[in-house]
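One structure is given below, encoded as structure tokens.
The values are calculated or read from the model by the stated rules, or taken from the named source; none is laboratory data. Keep in mind the model is a prediction, meaning the values are calculated, not measured. Here Cβ is always computed from backbone atoms with ideal geometry, including for glycine, and neighbour counts include all displayed protein chains. Heads up: the accessible areas ignore ligands, DNA and RNA and are worked out on the full protein's heavy atoms, side chains in. Shrake-Rupley method; radii C 1.70, N 1.55, O 1.52, S 1.80 Å.
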Amino acid sequence: MTDKFINKVIVFLVGLVFVILPILINPLGFSVFALPRVFFLYLVSLVLLVLILYQNLKKKNIKIEYNIFHLLSLVFLFFIVVSVVFSKHKYTALWGYDADYEGLFTWLSYLFFFLIGYLYFRNEKSIKYLFASLAITSLLVSVYAILQYFFDWQLMDWVQKTEIARASSFLGHPNYLAGYYILILPLIYFLIQQRYFKFWLQVGLRLVFALGVVSLVLTFSRAGWLTFILMLFISGVIYNKKLIISYKKNTKAYLLSFFILIIVSLSVIIAFDVFSLVADRFMSIFDSNTASTKVRVLLYIQSLNLLKNNFLFGIGPDNFAYIIPQYFLPAWGIYTGAVADKAHNQILDYWVSFGIFGLLSYLSIIVFWIYKMITSIKNKLADEKELLIMIFLSVIGYLFFVQINYTTIELAPILWFLIGLGVYNIYRIGLLKSWKFEIKFDQANLRLFVHLVTVVTLVGLLIGLVLTGYKKIAADYYFVKSLKASELNESIHYNEKAINYDPYLTSYYLNLNHRLVSLGELSGDYSYFDKAIANLNYAYNYLPLEYRIHYQQGETYLKLVQYAQTKDYLYQKAKLSYLQTLNLYPNSVESHLKLGVILAELGNDDQAIDYWLKCLELNNQQEKCLYNLSVIHSKVGQQELANEFLDKYNQIKNH
């Protein structure tokens, strides 16, 4: 294969990734979006690596050119690896948490796309091919988003809500969809600016852009709206009088673009009466009492508390969900349904994950890139200013957006690719110094050895990737079959198969525990309770930091108490489980409540009172704690206190 052919294949594969990654789904699995996408990303990244190594290792002398951005990215990668070494859950640090899959291997893929953006997209044709690919995907995403919002049309009705209040399309979450458009719309606009496209192709691109804007509105993502407004402001500042000149030179095209956008947007808003909903949502930006605002503020505070003990090296990639419960504030108890797998602020998230050195190395890349891009845009010698401006807007917009959200595996490869593409254009203009070194393979034996080692390593990586991907996707498939099974025995069978394939997911164990306990209660066969307990004991081997496993163990022991003749043993086991829960989640209201119940049953009234008082300290509206305190104080003859707690209980109950 010639270098020219390999370059074309690489360009094609990168375009394929950006087309497929945002729309790839697995309707047969529980992880509909993230799991298939991350393994597709791994697979294509590995193929790209094989092509690049083949292209270079066939040469006797390998010339490597690098610049400050490559060195900074290596430093950043080094501190990511360091954080993995110091992480408490290394499997997750390598592969990622099941909702996000942003472990070390995913970060290697991100930085690899940064390198590809720098090396292989050095001509106008390849860049326009890539952006056109993104436009095609954007059209599919937008059409589905609009159908989804207005007609409740969905591909995975058992996963998503029946009535859809916010569009999410193939991205799976409204904020992810908003982030997608923040990245993509400037690149589509770059294509619109190209003069040599045929008239109807120009019309099509403007329609794609208009549908993207409408879909962005339908996400009801306040962060997305604010970012888009900011991008419009920045573009106005950058273009200034130049925008007016360009407009006069191409009046027909710009008028057509403007009118299509206005007509489509107004038609949607008028036909479906969305305007009032949009206005209400936008005004909620200024309301600090919304649930999403409170959740984010709590996450920021809790993350800062976490940093006190993990300041230097962080907790490792995607370990947040396991470590943050130790720092949950009492107020978090009312948001138990909220997912705490990220800090919801990119800078804070990277600091928590990679430590201060990892954060500083990342910020050095971004700050220096912004400075050099602004310098390049101002440079009179720059011959591709429109391209530079649109890359700059995409990256700046998305970086602003993720300060209120976080990156995802669908969008981060595009982000890092654009950063790499920007670095090449900075270098091309002559604003970036580079260095070179050469690796020589003069001896045939040495070349053969290097080739063999490379081939063996790549084959090993491919086999490992295929096997791991197969196991995880198979586990995901069987878990769905377990959830859909009509018979408990059938559900248990499939759930056990899911755990055999992938023993690292908490939801598998919790679901199996629920099924086993339910079957034990229905059948009267108490051996199912033993199996439920054994299932959770097995889970400890893989998820020692997961407080929900310990809590569910305590719940199982308490359910078994009603069927047992010797209850004290089970109470002691349940007590131990709840104490272990508190080690991982010290402010767990429910654990304090249950420990009080257990201690009261064991005759330790004073200790029970202490736990219930702590429960009220964490949540003064906890009805069961108030009622239990009323009963126990009455039991020990403290009627005045008993009446006081009973009055508070009745006030809350009757409110």
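Just to be sure I understand, how many residues within region 207-227 are of a type in the set (A, V, I, L, M, F, W, C), modelled with pLDDT of 90 or more and farther than 21 Å from Ile164 by Cβ?
3
In this structure, does Lys484 turn out to be open to solvent by 40 Å² or more (accessible area, probe 1.4 Å), touching a residue at least 60 places away in the same chain (Cβ under 8 Å) and more than 28 Å from Val561 (Cβ to Cβ)?
On the way: open to solvent by 40 Å² or more (accessible area, probe 1.4 Å): yes; touching a residue at least 60 places away in the same chain (Cβ under 8 Å): yes; more than 28 Å from Val561 (Cβ to Cβ): yes.
Spelling it out, Lys484 is indeed open to solvent by 40 Å² or more (accessible area, probe 1.4 Å), touching a residue at least 60 places away in the same chain (Cβ under 8 Å) and more than 28 Å from Val561 (Cβ to Cβ).
Restricting the first residue to region 369-386 and requiring it to be closer than 19 Å to Tyr118 by Cβ, which pairs with a second residue that is at pLDDT below 80 meet a Cβ separation below 9 Å and a spacing of at least six or different chains?
Filtered contacts from region 369-386: Ser376/Ala382.
Can you go through Leu467, Leu415 and tell me which one is aliphatic (A, V, I, L, M) and surrounded by 14 or more Cβ atoms within 10 Å (Cβ to Cβ)?
From the options Leu467, Leu415, the qualifying one is Leu415.
So which residues in region 20-45 are crowded, with 18+ Cβ neighbours inside 10 Å and in a helix (DSSP H, G or I)?
Ala34, Leu35, Pro36, Arg37, Val38, Phe39, Leu41, Tyr42, Val44, Ser45
If you go through region 49-67 one residue at a time, do you hit one that is under 21 Å from Thr468 (Cα atoms), touching a residue at least 24 places away in the same chain (Cβ under 8 Å) and out of contact with any Pro (no Cβ under 9 Å at 6 or more places or on another chain)?
Taking every residue of region 49-67 in turn, at least one turns out to be under 21 Å from Thr468 (Cα atoms), touching a residue at least 24 places away in the same chain (Cβ under 8 Å) and out of contact with any Pro (no Cβ under 9 Å at 6 or more places or on another chain).
Checking Ala564 against (1) touching a helix residue (DSSP H, G or I) at 6+ places or on another chain (Cβ under 8 Å); (2) under 29 Å from Gly524 (Cα atoms); (3) modelled with pLDDT under 90; (4) open to solvent by 60 Å² or more (accessible area, probe 1.4 Å), which test does it fail?
Of (1) touching a helix residue (DSSP H, G or I) at 6+ places or on another chain (Cβ under 8 Å); (2) under 29 Å from Gly524 (Cα atoms); (3) modelled with pLDDT under 90; (4) open to solvent by 60 Å² or more (accessible area, probe 1.4 Å), only one is false for Ala564: (4).
For region 449-553, list the helices (runs of 4 or more DSSP H) that sit wholly inside it and hold at least 3 residues that are modelled with pLDDT under 95; which are they?
Values: elements: 488-501, 506-523, 527-540.
Those helices (runs of 4 or more DSSP H) span 506-523, 527-540.
In region 203-216, what count of residues is obtained for those that are surrounded by fewer than 21 Cβ atoms within 10 Å (Cβ to Cβ) and of a type outside the set (A, V, I, L, M)?
Within region 203-216, residues that are surrounded by fewer than 21 Cβ atoms within 10 Å (Cβ to Cβ) and of a type outside the set (A, V, I, L, M) number 1.
Mind counting the residues in region 529-552 that are over 19 Å from Ala321 (Cβ atoms) and open to solvent by less than 60 Å² (accessible area, probe 1.4 Å)?
Number of matching residues: 5.
Just to confirm my filter: which helices (runs of 4 or more DSSP H) fall fully inside region 101-214 and include at least 3 residues that are under 19 Å from the mean Cα position of the chain (by Cα)?
Those helices (runs of 4 or more DSSP H) span 104-119, 174-192.
Can you tell me how many residues within region 346-390 are open to solvent by less than 40 Å² (accessible area, probe 1.4 Å) and not in a helix (DSSP H, G or I)?
Residues that pass the stated criteria total 2.
Specify which of the listed residues (Leu510, Leu516, Leu579) is under 32 Å from the mean Cα position of the chain (by Cα), farther than 30 Å from Leu646 by Cβ, surrounded by fewer than 23 Cβ atoms within 10 Å (Cβ to Cβ) and without any contact (Cβ under 8 Å) to a residue 60 or more places away in the chain. Walk me through it before giving the result.
Values: Leu516 fails: surrounded by fewer than 23 Cβ atoms within 10 Å (Cβ to Cβ); Leu579 fails: farther than 30 Å from Leu646 by Cβ.
Being under 32 Å from the mean Cα position of the chain (by Cα), farther than 30 Å from Leu646 by Cβ, surrounded by fewer than 23 Cβ atoms within 10 Å (Cβ to Cβ) and without any contact (Cβ under 8 Å) to a residue 60 or more places away in the chain holds for just one of Leu510, Leu516, Leu579, which is Leu510.
So, in region 54-67, of the ones that are open to solvent by 50 Å² or more (accessible area, probe 1.4 Å) and within 19 Å of Phe121 (Cβ to Cβ), which residue ends up modelled with the highest pLDDT?
Tyr66
Can you tell me which residue in region 590-624 is most open to solvent (accessible area, probe 1.4 Å), limited to those that are touching a Gly at 6+ places or on another chain (Cβ under 7 Å) and in a helix (DSSP H, G or I)?
Tyr611
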